[in-house]
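*Asks:* Please read through the structure below; I'll follow up with questions.
What follows draws every value from the coordinates through simple rules; no lab data is involved. None of the values given here were measured: they were computed from a predicted structure. Every residue, glycine as well, gets a Cβ built from its backbone with ideal geometry; the counts of neighbours run over all protein chains shown.
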Amino acid sequence: MATATPTVRHPPKLVFGESFGFAYDTFCTNKVRSSLTALGMVIGTASLILVVTIGMTGKQYVLNQIQSIGVNMIDAEYEGGEHSKIAPDLLTIDDMHAVLLRVPGIVAASPVVPLDDRIPIRGGKERELRILGVFPEYSSVRNLVVVSGRFFDAVDEQAHNKVGVIQQKLAEQLYGSVDDAVGKVVKVKGLPFTVIGVFRERVDTFGQSEVTNNSMVIPYSVSRYFTDTPSVRQLYFSAADPSIVVPVTEQIHQVLQSRHRPESNYVVQNLTELVGVAERTANALTLVLLLVATVTLLVSGIGIMNIMLATVTSRIHEVGIRKAVGATNAEIRFQFLLEAILISLIGGLGGIVVGLALPLSVRFFTEYRIPISGLSAIVAIVVSSVVGILFGTMPAARAAKLDPVESLRHE
């Protein structure tokens with residue numbers, strides 16, 4: 001007698017298309033409620049993208065400012081000695097030449113000899129004039145911008161030509177414009193100097209450097225007419241590459257220290273440390289802003305969970321009918337979870353549009369190009385999905401645990 005093979009009933013497979021259809025229909029049926037819930041994700045996601053954009057913009061701006069001053073620049077200056085009664089052991093032009101001979105990787109150098117004078121201005125008044133005696137290489141080492149005329153060259157230096165380049169604000173105050181300043185004659189310590197150019201710092205240092213608003217730069221060879229000693233206040237060097245700035249700085253310090261008294265102190269510094277501080281500050285600021293955006297996303301996720309719990313309560317009868325016609329707990333769980341994810345993704349996509357549109361719109365009103373990170377948009381989508389899964393799991397699990405008989409009786 002043949003034995004009948006028992007029929008094994010397998011649970012119905014999860015059908016993604018069907019579950020997505022239920023989730024989409026629910027979203028469309030409750031447009032206002034779903035849209036308001038998704039609005040929280042729009043704000044949170046847009047905040048996330050904008051925070052990354054602000055962090056990148058701030059970091060780029062600060063680094064550009066520092067690099068505009070001269071990322072390869074090295075500054076050497078006499079700081080003082082232990083014995084105050086001993087004459088200052090100042091730097092000299094011979095120190096600069098010694099450094100150029102003994103330290104490889106330096107492409108340009110210039111001394112700085114500061115002098116002071118007073119010049120007449122309109123109305124019979126006088127004003128202070130800061131004179132800087134430098135080499136022609138000073139323009140490239142300090143990354144100066146010549147806005148009119150030219151900077152003096154090696155020929156002017158060797159010929160001891162009485163020429164000078166004045167700061168932009170000084171030119172505008174004395175002559176009305178930078179173009180009118182070129183060709184004018186300024187008396188410096190009784191000698192006539194012809195203004196051959198007008199310059200400015202590429203980044204305004206607000207008087208914190210040797211260049212001020214009343215500065216005039218002249219050849220070093222001519223500045224020696226007004227000094228009794230070959231001492232200089234500062235020595236500027238420019239390294240061939242940013243990667244060698246730190247070791248070159250140390251070598252310059254060793255050379256200078258070896259040429260002077262042991263008790264004399266010299267400060268040799270560069271902008272590398274400042275660049276590192278700027279990067280760390282910008283990264284810390286971005287991290288803080290990201291934490292704020294994360295809180296916004298968490299609040300949005302709690303809103304989604306709250307709405308989904310309310311949705312489960314209002315749809316108990318629907319859940320009972322679905323279970324009565326064969327839907328499994330896994331399918332019910334997946335359906336409600338998919339609804340939460342759908343709301344999160346719609347809000348996330350809306351947030352990406354807003355978050356990218358705002359930085360892009362700036363380009364239509366200014367020449368500044370705000371950096372936009374495509375990675376932030378990808379992260380935003382991932383975060384939106386994760387928020388939907390995390391805060392949709394509890395409502396989905398609650399819906400799946402509903403008793404079908406009790407659910408059908410629910411009104």
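*Asks:* Can you tell me the FRET efficiency between Thr393 and Ser209 if r is taken as the Cβ-Cβ distance and R0 is 56 Å, rounded to the nearest 0.05?
*Replies:* Taking R0 as 56 Å, the efficiency between Thr393 and Ser209 is 0.40.
*Asks:* Here's a follow-up. Excluding Gln158 itself, calculate the net charge of residues whose Cβ lies under 15 Å from the Cβ of Gln158, where each Lys or Arg counts +1 and each Asp or Glu counts -1.
*Replies:* Net of charged neighbours comes to -2.
*Asks:* Within the range 285-305, whose backbone N sits under 19 Å from a point 7 Å along Cα→Cβ of Asn30?
*Replies:* Answer for this model: 299-305.
*Asks:* Follow-up question, since we're still on this one. Distance between the C-alpha centers of the range 292-364 and the range 165-231? Whole Å please.
*Replies:* Here the answer is 66 Å between Cα centres.
*Asks:* Something else: Put a dot 7 Å past each Cα toward the Cβ at Val155 and Arg224; how far apart are the dots in nm?
*Replies:* 2.1
*Asks:* What does the C-alpha gyration tensor say about the overall shape of the range 235-394? Classify as rounded when a/c is under 1.5, otherwise prolate if a/b is larger than b/c, or oblate.
*Replies:* Taking the square roots of the gyration eigenvalues as a ≥ b ≥ c, the range 235-394 is prolate.
*Asks:* Cut-off under 20 Å on the C-alpha distance; same-chain residues fewer than 8 positions from Lys401 excluded. Which lysines are left, in chain and number order?
*Replies:* Hits, sequence-local ones excluded: Lys13, Lys323.
*Asks:* If each residue of separation counts as 0.36 nm, what is the full-extension length gain between Val147 and Ser243 once their alpha-carbon separation is subtracted?
*Replies:* Using 0.36 nm per residue and subtracting the Cα-Cα distance, I get 31.5 nm.
*Asks:* Given bins 10 angstrom wide, list per bin the percent of all Cα-Cα distances in the range 108-194, short to long.
*Replies:* Going from the shortest bin to the longest, the percentages are 15, 50, 31, 4, 0.
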